[in-house]
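Have a look at the structure below, then the notes.
Just so it is clear, none of the values below were taken in a lab; they were calculated from the coordinates. Here the structure is a predicted model, which is why all the values come from computation and not from measurement. Note that we place each Cβ from the backbone using ideal geometry, even for glycine, and neighbour counts take in every protein chain shown.
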Amino acid sequence: MIIESATAADVAKLLAFREEAAAWLSELGSDQWRRPYPADRLMATIEAGRVFMVRDGGVTAATITLTPDVEEGLWSREELAEPSMFVNKLTVARSHAGCDLGGRLLDWAGARAHRAGAIWLRLDAWTTNPRLQDYYLRHGFTHVRTVTEGGAVNGGPRVSGWLAQRPAGPAGQLDLEDITMPPTAI
């Protein structure tokens, strides 16, 4: 497997990943990601070099977005003063589920954030998805707080406001032996 920057050609695959994940989450009883993600916002993140794809031969196995940008209203001014990178849209194809590829990607993101000078790897997760929250806790994140107000639409309820962080750098042993990053993308 390799991890590489996403390109414009990956937009359809990324949107399909989200739909696949939303269907799986719905089967588990979660309303997460039911709303389609705007392709133009996705394209802007790709163009900024923040979206990465894990390729397993000719198959796309996973995706992760790692960015210094954060949604307004989640983190305090003091927290934002601390060098941080933020994980978004971590998605593993159902065909590659069950081998902790997501956990290894979190370690990759933590190491990459550390190399970029961040002291924290942070994320916000769906407020009504305790299984996802437990997943992040098992991968070394600490729950900071849950923000439920001030959503993007008219300041309404926020759906992704469960905030967590862990120190940048790998959590324990960095186990990415079969995931490599092309030298130009590091």
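Observations on the structure shown:
- Of all residues in region 85-100, those being surrounded by 19 or more Cβ atoms within 10 Å (Cβ to Cβ) and over 11 Å from the mean Cα position of the chain (by Cα) number 1.
- Residue ID - surrounded by the fewest Cβ atoms within 10 Å (Cβ to Cβ), chosen from residues in region 41-72 that are closer than 18 Å to Glu20 by Cβ and over 15 Å from the mean Cα position of the chain (by Cα): Gly58
- Inside region 112-138, residues that are farther than 20 Å from Val70 by Cβ and buried (at least 16 other Cβ atoms within 10 Å of the Cβ) make up a count of 1.
- Matching residues in region 104-130 - criterion: being outside any loop (DSSP other than H, G, I, E, B), in contact with a helix residue (DSSP H, G or I) (Cβ under 9 Å, 6 or more places away or on another chain) and touching a residue at least 60 places away in the same chain (Cβ under 8 Å): Leu106
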